[in-house]
Amino acid sequence: MGGLPTNRTVNGFAVDPQNPRIMYVTMRDRLFNSTDAGKTWKALGKELRNLAAVAVNPKQPAEVYVTTVEGIIFKSINGGMIWGKR
């Protein structure tokens, strides 16, 4: 899968329920997304670290949530471009 680091554990995976070509993957040190069903991946949220999970709001798929292993929740309302603590 182009763009995802190798030899790292995927901690979370989510798919946009309205557009299954849009996917999100969390690894411990970064969040990635794909807009082409996993063919290529782009890193998002440079400020996000120690990630444990990712979720997409099924009614508003531009609303994405990630949580850290410490339990801190971050929210994006624009598909992961800008993040804020929840």
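The values are calculated or read from the model by the stated rules, or taken from the named source; none is laboratory data. Note that the structure is a prediction, hence the values are computed from the model and not measured. All Cβ positions, even for glycine, are placed from backbone atoms using ideal geometry, and neighbour counts span all protein chains on display. Only protein heavy atoms, including side chains, enter the accessible area calculation; ligands, DNA and RNA are left aside. Shrake-Rupley method; radii C 1.70, N 1.55, O 1.52, S 1.80 Å.
Enclosing the Cα atoms of segment 1-51 in their convex hull gives a volume equal to 65 cubic angstrom per residue. Across segment 78-86, coupling constants 3J(HN,Hα) worked out from phi with the 6.51/-1.76/1.60 Karplus curve, θ = phi - 60°, read 10, x, x, 6, 10, 10, x, 5, 8 Hz, and Gly and Pro carry x.
Per residue, the accessible area of the chain comes to 59 Å², computed with a 1.4 Å probe over protein heavy atoms only.
As an exercise, find the ratio Rg/Rh for the chain from alpha-carbon atoms, using the Kirkwood inverse-distance average for Rh.
That ratio equals 0.93.
Estimated from the Cβ-Cβ distance and a Förster radius of 25 angstrom, the FRET efficiency linking residue 43 and residue 75 is about 0.85. Using a probe radius of 1.4 angstrom, the carbon and sulfur fraction of the accessible surface of the chain is 54%.
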